[in-house]
Amino acid sequence: MKILLIGNGFDLEHHLPTTYSNFLNFCTMVQPIFDESVPSYENYESWLQSKKINAYIKKGLLAAFKRKSSRQSSELPKGDLIQELYDCLEDNIWIRHFRSCQSITGKNWIDFESEISRVIQVLDAARLILLDGQPIAKLKREKLLLFSSFCENINASIYEISSIERLTSRLTKDLDRLTRALEIYLARFVNRIPIESKSPDIENLKPDCVLSFNYSNTYQRIYDPNHKIKYDYIHGKADTSSNVETCSLVLGIDEYLDDERKDLDLQFLAFKKYYQRIYKGTDSTYLDWVREIREGNAQYERDVESARQNELHPLQNRMAQQMRSLCLQTRISSPSRHTLYIFGHSLDVTDKDILRALICNDHVKTVIYYHRTSESDKRTLGQLIHNLVKIIGQEELIRRTGGSKRSIQFVPQTIRSTENTPAAPCGELAAVP
């Protein structure tokens with residue numbers, strides 16, 4: 001079995017604008033379509049020209065502006081995806097916060113999931129202080145400012161425990177709206193952007209299965225147009241036909257509580273990825289693939305033992321033993337007949353269980369591609385090794401990367417033109433990674 005595991009670096013390799021920052025910038029371009037102060041199509045088009053934006057996406061936005069300007073209404077027709085997207089973004093507390101983060105930090109990218117986790121942990125700390133009857137001023141200054149700003153957004157008091165409950169409800173609702181807006185952006189725009197060339201590292205792999213941490217369908221539409229491959233979109237797959245209630249995309253945080261609290265303190269459960277995977281019923285077909293590999297390995301071991309016993313059979317002459325053994329061994333597959341290819345995934349510890357189930361198998365060879373900008377660039381390689389230590393441990397990593405029976409191999413990606421490639425950390429918007 002050949003499994004290809006892909007993260008957001010796969011989409012970036014194909015010059016697709018799939019970072020969270022790309023999405024956030026796109027949102028700022030949607031708002032003027034519904035802004036009555038924008039006087040004309042020409043003004044909007046001229047404004048878009050000053051932005052770095054994919055030509056296909058720009059064309060779609062201009063078409064939406066034309067539809068809107070031709071109506072005697074402040075809204076587009078019911079069912080119009082741009083109208084739905086705008087409704088999801090309007091007065092969205094998360095969008096407002098992410099934009100303020102960009103403004104404060106001066107950075108052109110932001111990791112939604114890391115920032116969501118930071119906010120939730122601040123609310124958790126404030127909640128514990130208020131429940132204990134202590135003054136909210138016990139929060140560190142930076143956390144108190146963040147908590148105050150969110151309370152101000154919903155006109156809530158920082159001194160009342162009920163404010164936490166109100167904030168949790170609003171943040172949950174707006175996260176669902178944000179996720180649906182992201183789904184529309186990917187399914188309606190990104191998934192339709194023409195891709196000019198395939199990756200030379202991926203084109204000839206011909207995997208049996210694809211485990212995608214992305215929401216996009218890039219591999220399926222470019223490399224598998226006839227849909228002959230098995231897929232597992234573990235964090236959901238963007239679909240225009242969904243809505244806020246049925247959107248299956250997983251956009252959340254990882255467990256931050258210790259063992260003592262994580263199964264008891266469920267105040268912010270709806271924000272956690274494992275809960276969303278269960279609640280939204282995302283695919284977990286990869287478990288069947290793992291099971292198939294394990295069962296195949298067990299059969300291999302039985303066949304090897306049978307061959308060994310056959311060779312030692314005392315009632316056969318040497319020639320008969322050799323012939324019987326040869327016949328049996330021709331039916332035994334190579335112990336390394338399974339190969340896992342990893343491309344564009346950061347190997348983040350948040351996906352530890354999934355990665356370990358595939359990598360830590362003596363009958364699976366793992367090939368990990370790493371991005372580079374020059375022949376000597378090993379920055380991404382260093383980070384991947386660092387992350388892999390957290391996933392399988394240093395002893396296991398040493399064992400699997402050295403000697404004649406090594407099962408993990410790092411391979412540099414083919415250097416391609418970086419023109420128009422979005423600049424963002426590998427793994428952003430992976431799932432999700």
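The values are calculated or read from the model by the stated rules, or taken from the named source; none is laboratory data. Bear in mind the structure is a predicted one, so any value in this text is a computation, not a measurement. Here the Cβ is made from the backbone with ideal geometry for all residues, glycine too, and neighbour counts use every protein chain on show. Just the protein is used for accessible areas: all its heavy atoms, side chains included, with ligands, DNA and RNA removed. Shrake-Rupley method; radii C 1.70, N 1.55, O 1.52, S 1.80 Å.
With all protein chains kept in place, the per residue accessible area of region 64-178 amounts to 54 square angstrom at a probe of 1.4 angstrom. Note on D80 and Q102: the extension gain reaches 5.0 nm, defined as 0.36 nm multiplied by sequence separation minus the Cα-Cα distance.
For region 158-205, report the translational diffusion coefficient in µm²/s to the nearest whole number, using Stokes-Einstein at 4 °C, 1.567 mPa s, and a Kirkwood Rh over Cα pairs. Could the numbers behind the result be given before it?
Numbers: Rh = 14.4 Å.
D = 90 µm²/s.
Database remark: amide H of H338 closer than 5 angstrom to the amide H of K365 (H placed geometrically; neighbours at sequence offset of 5 or more, or on other chains; Pro and chain starts carry no H).
Summarised as an ellipsoid, region 112-174 has semi-axes of 17, 14, 10 Å, derived from the eigenvalues of the Cα gyration tensor scaled by 5 and square-rooted, with the largest first. Only lysines eight or more places from K143 in sequence, or on another chain, were considered; none has a Cα closer than 18 Å.
The convex hull built on the alpha-carbon positions of region 49-177 has an orientation-averaged projected area of 10.1 nm². Take the Cβ atoms of I229 and L131, set R0 to 51 Å, and the FRET efficiency comes out at 0.50.
Beyond 20 Å, the tail of the calculated P(r) for region 198-300 holds 55 percent of the Cα pairs.
Over every Cα atom in region 1-98, the radius of gyration and the widest Cα-Cα span, Dmax, amount to 16.0, 58 Å.
Residue ranking by accessible heavy-atom surface, 1.4 Å probe, largest first, among M1, M29 comes out as M1, M29.
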